[in-house]
Amino acid sequence: NDTITILGIETSCDETAAAVLRRHGDGTTEILSNIIHTQDDHAAFGGVVPEIAARAHVEKADQVVTRALEEAGMTDGGIDAVAATSGPGLIGGVMVGMMTAKAYALSRAIPFIPVNHLEGHALSARLTEDCPFPYLLLLVSGGHTQLLRVDGVGRYARLGTTIDDAAGEAFDKTAKLLGLGQPGGPKVQAAAETGDATRFDLPRPLLKRPGYDFSFSGLKTAVRLAAEELAPLSDQDIADICASFQRAAAKHLAARTERAMTDFEIPAGDTGRLVIAGGVAANTEIRAALTALVDSKGWTLLVPPSKYCTDNAAMIALAGAEHLVAEGAPPLAETLALAPRA
Ligand code: KG4
Ligand code: ZN
């Protein structure tokens, strides 16, 4: 029997998530359930508070797992393995997810598979798209901004990364500065809709610098200075700052990605594929900028639906299933003794 049904658990930031995924022998997958509880306990603090997140994961983990099993019709068994994010992330949350997964695996005597959170994002496009290896991955989340070459499961080469803030972090800080609330990305995007993106001449980070790294701290500072100069801000000022910032962020991401595409070695007879993943990939202006770039180069753009771009457990289940297929089941005694990893 080469079909695997796997439970995935994700708790590395502020979503408590569980999903059941079925992987068939031919490599196709079905998402049987995908439950995400987003913690609303952090709103008053302008960012995720690790201690509060960890406690909320303890409260919600069991309910979320139970709902994922119920929706998948798997409450009476039938799960072959359980995968959980083992890092990187907020340590308290990662511990809750790992211990929940270990307990489930031990009680059913099934394998427990630790999964790197970034690997989940890296493979997420394969949940819903026909996306063969190799591809260029732009991972843009609250904690990471990276360009990677993905050659296969477990075969990732990092080409570039942010030298200061992550893209999502820059959106979140911009929102906080303008009093828009968290998470900042969707708030900035919404405010930008009625804004004038040409009003502020924001810097173009690393324009002349070779390589594929990113930088967002200069943009963040420019936004702060513009806001300070105009204070008190009208709604139109806020909309214009958001639109200008979003435009600058999209251009920067596209400019660095274009460099990586130019240097990307495509196998003979194949075409280039760009995958965007991570929460910031939900941004419509960034998607539009990358769509235009990809079209101009004759590449294909693959973007997972938003619910699989932001943190979710289906991507963790998929990464776990791929490792199980590639490497076989790790002995339970060994994985039960694993600590979270950075
Ligand atoms: O991947 P993710 O859910 O969590 C991790 O960081 O791992 O990404 C969350 C980030 C946050 O910074 C959030 O503000 C950003 O993604 N984000 C967006 C949008 N939706 C979420 N940023 C820009 N535009 C959006 N529409
Ligand atoms: Zn993430």
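Throughout, read-outs are computed from the coordinates displayed, never taken from laboratory work. Just so you know, these numbers come straight off a predicted model, no measurement behind them. Every residue, glycine among them, receives a Cβ derived from its backbone with ideal geometry; neighbour counts consider all protein chains shown.
General remarks:
- Antiparallel DSSP beta bridges within the stretch 132-303, as percent of all bridges there, nearest 5: 60 percent
- Two-decimal Rg to Rh for the stretch 112-194 - Kirkwood Rh, Cα set: 1.07
- Using the Cβ-Cβ distance between residue 329 and residue 217 with R0 set to 30 Å, the FRET efficiency from 1/(1 + (r/R0)^6) comes to roughly 0.10.
- Beta bridges assigned by DSSP with both partners in the chain are antiparallel in approximately 60 percent of cases.
- Counting every pair of alpha carbons in the stretch 185-272, the share spaced more than 23 Å apart comes to 34 percent.
- Between residue 45 and residue 224, the C-beta separation translates, for a Förster distance of 25 Å, into a calculated FRET efficiency of about 0.80.
- Computed [θ] at 222 nm, helices only, for the chain once each DSSP H run of length n ≥ 4 contributes -39500 (n - 2.57): -13500 deg cm²/dmol
- Across the stretch 72-80, coupling constants 3J(HN,Hα) worked out from phi with the 6.51/-1.76/1.60 Karplus curve, θ = phi - 60°, read 8, x, 10, 6, 9, x, x, 7, 8 Hz, and Gly and Pro carry x.
- Using C-alpha pairs under 8 Å with a sequence gap of at least 6, the mean separation divided by the residue count of the stretch 132-303 gives a relative contact order of 27 percent.
- Taken about its Cα centre, the chain carries a charge dipole of about 680 debye when Lys and Arg each add +1 at the Cβ and Asp and Glu each add -1 at the Cβ.
- Cα convex hull of the stretch 111-255 - mean projected area over all directions, nm²: 10.4 nm²
- Per-selection metrics, the chain (Cα): Rg and Dmax in Å: 20.5, 66
- Where both bridge residues fall in the stretch 44-165, DSSP classifies roughly 70% of the beta bridges as antiparallel.
- Entries in 102/187; 251/307; 60/251; 173/297 that, when Cα-Cα distance is taken, lie over 31 Å: 102/187; 60/251; 173/297
- Near residue 200: Cβ cut-off under 14 Å, other residues only, Lys/Arg at +1 and Asp/Glu at -1. The net charge is 0.
- Between the stretch 80-97 and the stretch 175-208, the alpha-carbon center distance in angstrom: 32 Å
- Screening the chain for whole DSSP H helices with an alpha carbon extent of at least 18 angstrom along the helix axis and a mean Kyte-Doolittle hydropathy of at least -1.0 yields 50-71, 91-108, 217-230, 235-263, 284-297, 314-327.
- Taken along its principal axes, the alpha carbon cloud of the stretch 1-98 reaches lengths of 48, 25, 18 Å, longest axis first.
- Electrostatic tally near residue 23: other residues with Cβ closer than 12 Å to its Cβ, Lys and Arg +1, Asp and Glu -1, net -3.
- Based on the convex hull around the alpha carbon atoms, the stretch 174-332 presents an average projected area of 12.6 nm².
- Contact order normalised by residue count of the chain, Cα under 8 Å, 6+ apart, percent: 22 percent
- The separation of the stretch 110-154 from the stretch 271-316, counted between C-alpha centres, amounts to 12 Å.
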